[in-house]
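Structure first, then comments.
The values are calculated or read from the model by the stated rules, or taken from the named source; none is laboratory data. Please read all numbers here as calculations on a predicted model, not as lab measurements. Here the Cβ positions follow ideal geometry from the backbone for every residue, glycine too, while neighbour counts run over all protein chains shown. For the accessible areas, the whole protein counts, side chains as well, though only heavy atoms, and no ligand, DNA or RNA atoms are used. Shrake-Rupley method; radii C 1.70, N 1.55, O 1.52, S 1.80 Å.
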Amino acid sequence: MENTLITRDPDVMSGALCFAGTRVPVQNLFDDLEGTSSLDEFLVDFRSVSRQTAIAVLEDARARLFVNAAAA
């Protein structure tokens, strides 16, 4: 994943992976989508995260999932 998408800093949100330039944990996106929220609802709740960045993180996660599944 590009370093410009996510960051991890022990002084920010206890070291959780966050969207770069925000204090929004990436886990929030996955939790919202796993529940009943849509991407649009997530973006309304976390306005500091751009649609482009959220989609890029999701696409990277999908690509990694399929690479790992193919290697198994």
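Can you give me the distance in nm between label points at SER37 and ASP11, each placed 7 Å from the Cα along the Cα-to-Cβ direction?
2.7
By how many nm would the segment from ARG51 to ALA69 grow when fully extended, if each residue of separation counts as 0.36 nm and the alpha-carbon distance is taken off?
Length gained between ARG51 and ALA69: 3.8 nm.
I'd like the Karplus ³J(HN,Hα) series for segment 64-71: coefficients 6.51, -1.76, 1.60, θ = phi - 60°, whole numbers in Hz, and an x wherever there's a Gly or Pro.
5, 4, 6, 5, 5, 5, 5, 7
Tell me which residues come under 5 Å, amide H to amide H, from SER50 once H is placed; ignore anything under 5 positions away on its chain.
none
Given a 1.4 angstrom probe, I'd like the percentage of the accessible area of the chain that is carbon and sulfur, rounded to a whole number.
Carbon and sulfur together cover 52 percent of it.
When only the heavy atoms of the protein chains count and the probe is 1.4 Å, how do ILE6, ILE55 rank by accessible area, highest first? Before the final figure, lay out each step's value.
On the way: ILE6 40, ILE55 60 Å².
If we order ILE6, ILE55 from most to least accessible, we get ILE55, ILE6.
Kindly identify the chain as rounded, prolate or oblate by the Cα gyration tensor criterion: order the square roots of the eigenvalues as a ≥ b ≥ c, call it rounded if a/c is under 1.5, otherwise compare a/b with b/c, prolate if a/b is larger, else oblate. Provide the component values of the computation, followed by the final result.
Values: a/c = 1.80, a/b = 1.22, b/c = 1.47.
Because a/c hits 1.5 or more and a/b fails to exceed b/c, the chain counts as oblate.
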